[in-house]
Each structure stands twice: as C-alpha cells, then as structure tokens.
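One structure is given here, and the rest of the page talks about it.
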Amino acid sequence: MSVEENLLEIKSKMAKAAEEAGRDADGIVLVAVSKTFEADHILPAIEAGQRVFGENRVQEAQAKWPGLRARASDIELHLIGPLQSNKAAEAVSVFDVIESVDREKIARVLADEMQRQGRNLPVYIQVNTGSEPQKAGIAPDEVANFVSLCSTELGLQVRGLMCIPPVDENPGPHFALLQKLASENNLQNLSMGMSSDFETAIGFGATSVRVGSAIFGHR
Ligand SMILES: *Cc1c(COP(=O)(O)O)cnc(C)c1O
C-alpha cells in the first residue's frame, strides 16, 4: 500500500479506537515517524495533508527537513530520540517540540538554549515506565520533582509525558502508569503508542501516537 493509503488506514483505526474508548478522535494527534526515510518517501505524506512528524536524530532531521518544510508552512517536527548536550542548539533550531527530555542535564541545556534562541518550545518528559536500567527516561517516582524542576525552575513549557514501554511486555500497564503520572502532575498530554500498540494507547488516554513503520514501511 502507498503512504497515502497507510495514513488513511491509521487515521481510521485511530478513530475506531477513540470511539471504543468514548473519546473524541479530533483530540488525538498522529505523529508520523519518518526516521531513516528519504525526503522523497516523506513528501507523499505531506501532500496527503499530514503535518506532524517525528525524527529521532538531530543531524538526520537537519539534513532532510529544511527542504521538506518548504512544501507546507505549518509542519510541526518532533524530536523523539535521545538528545546529547552538544546537539541541543541544533535541536532547538530544527525541531518544534522536544519529546525526549530524559535527564536534568539536558533539561538545563535546553532551557539555556531556548532562551538564547528565543524559542520556548513545548517539551515532553520521557518516563522510564519499565524502570529498565539501559533505557532513557525519568524514573516514575522522580517525575513530580522533575516536572517541577523543568517548569518552575527552568521555565520549560512542559506539555506532557512520553514513554516507550519495554519491547517484550504488554504495553497496557505502562500506558496506565503514564496516564496516572500525568494526572497526578496536572499534565494534559500523553505521547504513547507506536505502530504495534497505538490503539491500546488510545484506550489509555494517549493524546498523541507516534507511528512509523505502519505508515512508511519497514526500516
Ligand atoms: C521509531 C520510533 C517510533 C515509531 O515506531 P514504529 O514501530 O515504526 O511505529 C515511535 N517512537 C519512538 C521513540 C521511536 O524511536
């Protein structure tokens, strides 16, 4: 199937999952994850009206997106992958939303850089819901302190929480935990759910889902 057909199918599955959850599908954003795909494979999605995209590497986004942005004025590009301090300046200039704020150091560097560039981008705090030692993210029991550091001390615009559940586990309990943490911290937005589990995530209150291979094909 083409990228356009895939997009239509994902949108219709999102609408169905929203309806089953008694939610309004209009409140759920599809972030089309275009990492590893070349600009000419992404263009049909823009032509089909898709406007929100996710990339996981700063340099790759920097190479592809200035040209693609010229195709539509209202594109919103999300960083969904780990960020190194020495790439923060580029990240703040290339992206519109940073979804992967996962440690204090990067929160501080981003806050400085946003101030320097006069771009106060919305951010998500990435939570390590599975407490996996090798995985990025804030531990669930540190979320409250970290949210307060980011918003009160650093002045970051915290839009919500994001998670990537452990690959080999049922994602439901992880989505439920993220939902609980967001509600405890008065955060409205939940970025969770990928190609294999976005419908489940919508059932647990996802306000945005990050879908890559189901739209663009295998990487
Ligand atoms: C690659 C990626 C996705 C999309 O994964 P698919 O399984 O291709 O839908 C979503 N979120 C993050 C953080 C990713 O790195």
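No value in this document is a laboratory result; all are computed from the given coordinates. Please read these numbers as outputs of a predicted model, since none were measured by experiment. Note that we place each Cβ from the backbone using ideal geometry, even for glycine, and neighbour counts take in every protein chain shown.
Odds and ends about this structure:
- Residue-averaged [θ]222 nm for the chain, counting only DSSP H segments that reach four residues, each worth -39500 (n - 2.57): -12000 deg cm²/dmol
- Between S73 and R103, the simple label model (points 7 Å from Cα in the Cβ direction) yields a spacing of 4.1 nm.
- Relative contact order of region 53-119, taken over Cα pairs closer than 8 Å and 6 or more residues apart, is 33 percent.
- Cα-based Rg and Dmax for the chain, where Dmax is the largest Cα-Cα distance (Å): 16.6, 48
- Pairs beyond 30 Å (Cα-Cα), from K87/K180; K105/K180; K13/K87; K135/K180: K87/K180; K13/K87
- Averaging Cα coordinates gives a centre for region 41-85 and one for region 132-197; these two points are 23 Å apart.
- FRET efficiency, E19 to A89 (Cβ-Cβ, R0 41 Å, nearest 0.05): 0.45
- Under a Gaussian network description of the chain, with springs only between Cα atoms under 10 Å, the residue in Q50, Q115, Q157 that fluctuates furthest is Q115.
- Rounded to the nearest 20, the Cβ-based charge dipole of the chain about its Cα centre (Lys and Arg +1, Asp and Glu -1) stands at 440 debye.
- For region 109-219: relative contact order, % (alpha-carbon pairs under 8 angstrom, 6 or more apart): 21 percent
- Relative contact order (percent, whole number), the chain, Cα cutoff 8 Å, 6+ residue spacing: 21 percent
- Computed label-point distance, nm, for sites S148 and S2 using a 7 Å Cα→Cβ extension: 5.4 nm
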